[in-house]
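Okay, so here's the structure we're looking at.
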Protein chains: 2
Amino acid sequence: MKSNLWITEKQTEDLLISFRVKETLHEEQTDFQHLALVDTYTYGRMLFLDNCVMTSIKEEFVYHEMITLVALNTHPHPEHVLVIGGGDGGAIREIVKHPKVKTATLVEIDGKVVKYSQKYLPEIAAALHNPKVTVLLDDGIKHIKENKNKYDVIIIDSTDPVGPAEGLFAADFYENVYEALREEGIMVAQTESPFLEKDQELIKNIHEELQKLYPIVKLYLAYIPVYPTGMWSFTLASKKHDPLQVRSEDIAETNTRYYNKNIHFAAFALPNFVADLFKRKERAKAVEAVK
Amino acid sequence: MKSNLWITEKQTEDLLISFRVKETLHEEQTDFQHLALVDTYTYGRMLFLDNCVMTSIKEEFVYHEMITLVALNTHPHPEHVLVIGGGDGGAIREIVKHPKVKTATLVEIDGKVVKYSQKYLPEIAAALHNPKVTVLLDDGIKHIKENKNKYDVIIIDSTDPVGPAEGLFAADFYENVYEALREEGIMVAQTESPFLEKDQELIKNIHEELQKLYPIVKLYLAYIPVYPTGMWSFTLASKKHDPLQVRSEDIAETNTRYYNKNIHFAAFALPNFVADLFKRKERAKAVEAVK
């Protein structure tokens, strides 16, 4: 008989998701956040930070492929790649699979996330000991400030914009990311769900901030079943290369479970209500300019 | 202060979603199923049948546009359209917006779904009194058996494959749908979530049954936040016209919030793990044939 133990995430004040638990593996208050690892029936082992689902064994491939491979296949020579956050190692695992990558650097503020991911999510943390990888237990904001013109691709694999990740959604952080990128650099950030009103403002603001810095800024989507609404967005900003101008035959075939050549392009096809987030913003700016 | 009243759907034995309730509007056991209408904070008014979410005011547009407009824009002259189930009227509302549609017939087994949708979900049921529309309170399986060579497009807008909708997922029902369609006919069915193991078998079986009847069978996807995992599938089967061969300029511009020309094509871009559902089946068949 199955246990009647459930772990619940309050996705918003008015929306809950609950997973039936097989076993609680580890729980502690780190220096930065509350960390929990639990084994669930639906999604296998799951990592929670501050009571929000970060990832799960069964569907982590979607998030980790989609936050990395779109940019890696847009940049013609993504040799030096940085991940801010992402201490579980999933983004790093996808990055080192790419044939053109020479170095992958992970800057995670909370060493406990790395430690317990290696212990309980070894499939996700698999590449953290790869010779191409450097793991720095440091503040991503500080690292970005101190490194200029260094990376080809920067992935901002943050938690929600509250708590330790708040600074990763700020305008001055994005300016420093721009400077940390080399000439043809590309950045990608996870930018929450377009279905939730509280996230729509965030998505619009990030888009606007990035448009001040980069000629190419685009939102793309992926299905992430453990995140609120299941529709998740990523914002890509690029100094030179447009992800929609990539030649299909140049997309590297890595061993993927979600991403492929069709998905690379289809992920940028936005439903009207999502595309309208930016149009409304542009209309509002036009009205403001006329005044 | 908000109420602490929640309505919970057991999406699987091991996965719950809960919506904070503003007000319960109506609840009854009909002759066919348990019906509930509740007003929620996140998604507004919602319809539940047998404790499963059917639709909500805030995001119903995704399901209703996507179950209808892909087929309507693939068929060169979708004049006569049938909806099986869908008593809330949302599919019908999208169908009658299409400029080429002359008649739209709704066959819903449970009159209470129609009655209470008209009362509490008027935005969704809006077109049920349109002069092009005929509402029949009847068994869809019987209607399909009794009508041959009659419809250009048939939409199977069913509940989950348990309870009253079980027969809408059976092989003989699909044979009758084929015969109810005219020469260039197209059918679409909602076919659950590719993320859930229990649904993967269903998706594969329906695909295989339809391939026995139609030269063109394709799965497509949409983001439906109130359904399990948020990734929902539809299976389209067509006697002649391929949805991917449609000319973009032939797609009718109806007033939509999700569907557009890009989405028409992008919805068919399947993640590897979804595309593999069919490949495994085909490999298994090849092995079987070799034996």
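Throughout, read-outs are computed from the coordinates displayed, never taken from laboratory work. These numbers were taken from a predicted model, which means no experiment stands behind them. Every residue, glycine among them, receives a Cβ derived from its backbone with ideal geometry; neighbour counts consider all protein chains shown.
Structure above, values below:
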| quantity | calculated |
| --- | --- |
| Table column - 3J(HN,Hα) (Hz), region A:36-44, Karplus curve with 6.51, -1.76, 1.60, x for Gly and Pro | 9, 10, 9, 9, 10, 5, 7, 10, x |
| Long-range amide H partners of residue B:231 with built H, under 5 Å | B:224 |
| Considering only the protein assembly as shown, percent of DSSP beta bridges that pair antiparallel, nearest 5 | 65 percent |
| Three-way shape label, region B:6-56, alpha-carbon gyration tensor, a/c 1.5 | oblate |
| Where Cα atoms sit under 17 Å apart: lysine pairs in region B:177-256 separated by 8 or more or lying on different chains | 6 |
| Label point 7 Å beyond Cα along the C-beta direction, distances from residue B:126 to other copies (nm, shortest first) | 4.9 |
| Test item: A:263-274 mean partner chain Cβ contacts at 10 Å | 6 |
| Residue-by-residue Karplus 3J(HN,Hα) for region A:253-264, coefficients 6.51, -1.76, 1.60, Hz, glycine and proline x | 8, 9, 7, 10, 10, 10, 5, 7, 4, 5, 5, 3 |
| Residues whose placed amide H lies under 5 Å from that of residue A:105, excluding near-sequence neighbours | A:81, A:82, A:83, A:134 |
| Beta carbon of chain B nearest to the axis of the rotation taking B to A, residue and angstrom distance | B:230, 1 |
| Antiparallel bridge percentage (DSSP; both residues within chain A; nearest 5) | 65 percent |
| Assigned charges on the beta-carbon of Lys, Arg, Asp, Glu; region B:60-290 dipole about Cα centre (debye) | 380 debye |
| Gaussian network model of chain B, Cα within-10 Å springs - most flexible of B:276, B:152, B:110 | B:276 |
| Cβ-based exposure ranking for A:93, A:257, in which fewest neighbours within 10 Å come first | A:257, A:93 |
| Tensor-based shape of region B:60-290 (alpha-carbon gyration tensor, a/c under 1.5 rounded, otherwise prolate or oblate) | rounded |
| Shielding by partners, peptide A:14-24 (average Cβ within 10 angstrom, other chains) | 5 |
| Unit charges on C-beta of K, R, D, E only; dipole of the protein assembly as shown, Debye | 1200 debye |
| Among B:260, B:272, B:176: highest mean-square fluctuation, GNM of chain B, C-alpha pairs under 10 Å | B:272 |
| Antiparallel %, DSSP beta bridges [both residues in region B:20-155], to 5 | 55 percent |
| Cβ charges +1 (Lys, Arg) and -1 (Asp, Glu), total dipole of region B:6-56, debye | 280 debye |
| Distant-in-sequence amide H partners of residue A:25 (H built 1.01 Å from N, under 5 Å) | A:37, A:38, A:39 |
| In order through region B:60-66: 3J(HN,Hα) via Karplus (6.51 cos²θ - 1.76 cosθ + 1.60), integer Hz, x for Gly, Pro | 4, 4, 4, 4, 6, 6, 6 |
| Using a 7 Å Cα-to-Cβ projection, residue B:13 label spacings across copies, nm, ascending | 3.7 |
| For B:24, B:30, order by how many other beta-carbon atoms lie within 10 Å, fewest first | B:24, B:30 |
| Estimated Rh, region A:120-175: Kirkwood, alpha-carbon pairs, angstrom | 13.4 Å |
| Helical mean residue ellipticity (222 nm; -39500 (n - 2.57) per DSSP H run of 4+; nearest 500) of chain A | -9500 deg cm²/dmol |
| Radius of gyration and Dmax over the Cα atoms of the protein assembly as shown, both given in Å | 24.4, 77 |
| Restricting region A:98-127 to trypsin sites (Lys or Arg not before Pro) in coil, as DSSP defines it, with at most 14 other Cβ within 10 Å | A:100, A:102 |
| Three-way shape label, region A:71-166, alpha-carbon gyration tensor, a/c 1.5 | oblate |
